[in-house]
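*Asks:* The structure that follows is given in the form of structure tokens.
The values are calculated or read from the model by the stated rules, or taken from the named source; none is laboratory data. Values in this document were obtained by computation on a predicted structure and should not be read as measured data. For neighbour counting, all protein chains shown are included, and Cβ atoms are generated from backbone atoms with ideal geometry for every residue, glycine included. For accessibility, only protein heavy atoms count, side chains too; no ligands or nucleic acids. Shrake-Rupley method; radii C 1.70, N 1.55, O 1.52, S 1.80 Å.
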Amino acid sequence: MDKAEILRLDRRHVWHPCTQEKDHEAAPPIPIARGEGVFLFDVDGNRYIDGVSSWWVNIFGHNHPRLNAALSQQASRVAHHIFAGFTHEPAVELASRLAALAPGDLSKVFFTDNGSAAVEAALKMSFQYWQQVGRPNKTRFVSISEAYHGETVGALSVGGCDLYRDIYRPILLEGYQVAGPDCFRCPYGLHRDSCQAECFAAMEQLVERERERIAGVIIEPLIQGAAGMRIYPPVYLRKLRQLCDRCQVHYIADEIAVAFGRTGRMFANEHAGVAPDMMCLSKGITGGYMPLAVVLTTEEIYQAFYDDYETMKTFFHSHSYSGNPLGCALAVEVLRIFEQERILEGLAPRMALLDEYAPRFEALEHVGEFRRCGMVAAVEMVENKAGKIAYPWQQRRGYRVYQRALKKGALLRPLGNVIYFMPPLTIPVATLRELLEIALQTIAEETQKLA
Ligand SMILES: *Cc1c(COP(=O)(O)O)cnc(C)c1O
């Protein structure tokens, strides 16, 4: 097919995710021909630095020789088989490696096939646990403002981004939402580097009061991704762990975006030195090759389901692609690469380079904050810097920066007024510099031109 034909058929038959299809009239989707390392190449041969790891999944770059080999080796054995009543080596190796790496005693691994499905499974598991240990009133979940846990109905119910959620309110589950950390506009006037998560008071009051009705608290540790890469300090998680222990409430960590090195550690919870009761993983787990997700949990929770069949304590939850062998084989190879290629040790110069650009971004008239946690950095554009006043969303500043940056060879898909960097962990330092330069220039052009 030539480019015109691809675009013609796309226009006629494809409905893209999270996209106003009418935008494609002015900016059609870009047909990609291949990937190589941190670059994507379109069918015309234009090169794009994948600054967002293709929606945060591609942690080692595209067309990776070791991942290609792991995939084709597994495909030549068996691509998929039923995972109820059957098992396979990649799944058990992955489960035991994850159990060994995970904080605390998260020793049981439940497989799903995407992040939202992992969140659904964790919520159901928590709910059912309380039913089966004689606490049937513990049925609700607590989440924080601007939370993002996926787009299926259960996951949306514990989300807090109105953009994705508002219209569906009538069909969402009842739960509790409390104000979460908002460090850029901290109501206490403190800084995330030195505060004691004073804002945790909101969570504390609610959970103390409603503990008899609460099954669990779900949170994105350290970085609220879809909210615009809101970064908050580990002390919040330490307080949350203590609160959950005190009130007998599950701490469900949604590490879908932040695990696998994103924060500079294997798991974000390690920064706080705490272990959740359930941990959802996906995104980077297969290096961006295959959809796969897991929920890790404790022996104690597992035991509440373990009994004679007639007791009806089974966790009746399944996905056709549960434990997909291709995904598992890739995930095992990802963990081997982390170990053998010392990926976490290699992040330091890249994180240092991101920091080096902080003052340059913050010098711009319309940049309110440059923030970083591990290999994630974000630039928040504002209409008024002193008042931290956001640009009206209708101006689509982020989207405009994204369109401009594409022409300069960088893929920087925004979140509202926030331009962020979430490149493959292996991005060469020189390419990261190139990406940052493009962003700096593009943001300056966009905000100064229309200011
Ligand atoms: C992406 C994401 C999800 C949903 O994962 P999908 O695979 O897109 O369904 C859930 N939680 C967080 C924190 C995410 O970043």
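*Asks:* With contacts defined as alpha carbon pairs under 8 Å and 6 or more residues apart, what's the relative contact order of the range 69-340 in percent?
*Replies:* So the answer I get is 29 percent.
*Asks:* If I compute solvent accessible area with a 1.4 Å probe over the protein chains, what percent of it on the range 69-340 is carbon and sulfur? Intermediate results must be reported in sequence, preceding the final value.
*Replies:* Values: 5920 of 11330 Å².
Roughly 52 percent of what the probe reaches on the range 69-340 is carbon or sulfur.
*Asks:* Distance from the Cα centre of the range 133-153 to that of the range 291-327, in angstrom?
*Replies:* Cα centroid of the range 133-153 versus Cα centroid of the range 291-327: 19 Å apart.
*Asks:* Nearest 20 debye, what's the magnitude of the dipole of the range 69-340 about its Cα centre given +1 on Lys and Arg Cβ and -1 on Asp and Glu Cβ? Intermediate results must be reported in sequence, preceding the final value.
*Replies:* Values: 24 positive and 30 negative charges, 62 e Å.
Approximately 300 debye in magnitude.
*Asks:* Simple spin-label model, 7 Å along Cα-to-Cβ: Ile82 to Thr311 in nm?
*Replies:* Computed distance between label sites Ile82 and Thr311 equals 2.6 nm.
*Asks:* Applying a 10 Å radius around every beta-carbon, put 44-51, 170-177 in order of their mean neighbour count, most first. Mind showing how you got there, number by number?
*Replies:* Working: 44-51: 17.2, 170-177: 12.9.
Ranking, from highest mean packing down: 44-51, 170-177.
*Asks:* With +1 on the Cβ of every Lys and Arg and -1 on the Cβ of every Asp and Glu, and nothing else charged, how large is the dipole of the range 324-366 about its Cα centre, in debye rounded to the nearest 20?
*Replies:* Roughly 180 debye for the range 324-366.
*Asks:* A follow-up question, please. Would the range 231-311 count as rounded, prolate or oblate if I go by the C-alpha gyration tensor, calling it rounded below 1.5 in a/c and otherwise prolate when a/b exceeds b/c, oblate otherwise?
*Replies:* Oblate shape, in that a/c is at least 1.5 and b/c is the bigger or equal ratio.
*Asks:* Here's another thing I want to ask about it. Kirkwood Rh and Cα-based Rg: tell me the resulting Rg over Rh for the chain, rounded to two decimals.
*Replies:* 0.96
*Asks:* May I ask what percent, to the nearest 5, of DSSP beta bridges between residues of the chain are antiparallel?
*Replies:* Working: 31 of 46 bridges.
Antiparallel bridges: around 65 percent, rounded to the nearest 5.
*Asks:* Could you please state, rounded to a whole Å, how far the C-alpha centre of the range 75-117 is from the C-alpha centre of the range 191-249?
*Replies:* 29 Å
*Asks:* Hey, another quick one. So what does Met312 come to for accessible area, using a 1.4 Å probe and Å² rounded to 10?
*Replies:* Met312 has an accessible surface of roughly 110 Å² with all protein chains in place.
*Asks:* Further question on the same structure: Quick check on my link table: of Lys283/Lys407; Lys385/Lys408; Lys3/Lys385; Lys283/Lys385; Lys108/Lys283, which ones sit more than 31 Å apart, alpha carbon to alpha carbon? Please report the intermediate quantities before stating the final value.
*Replies:* On the way: Lys283/Lys407 27 Å; Lys385/Lys408 27 Å; Lys3/Lys385 43 Å; Lys283/Lys385 34 Å; Lys108/Lys283 19 Å.
Violating the 31 Å Cα-Cα cut-off are Lys3/Lys385; Lys283/Lys385.
*Asks:* Just from its helices, what would the mean residue ellipticity at 222 nm be for the chain, if runs of 4 or more DSSP H residues each count -39500 (n - 2.57) and the sum is divided by every residue, rounded to the nearest 500 deg cm²/dmol?
*Replies:* Counting only the DSSP helices, I get -10500 deg cm²/dmol.
*Asks:* Per residue, what accessible area does the range 69-340 have, given a 1.4 Å probe and all protein chains present, in Å²?
*Replies:* Values: 11330 Å² over 272 residues.
Normalised by residue count, the accessible surface of the range 69-340 is 42 Å².
*Asks:* For Lys138, give me every one of the lysines with a C-alpha distance below 20 angstrom, ignoring sequence neighbours fewer than eight places off in its own chain.
*Replies:* Cross-link targets: Lys124, Lys313.
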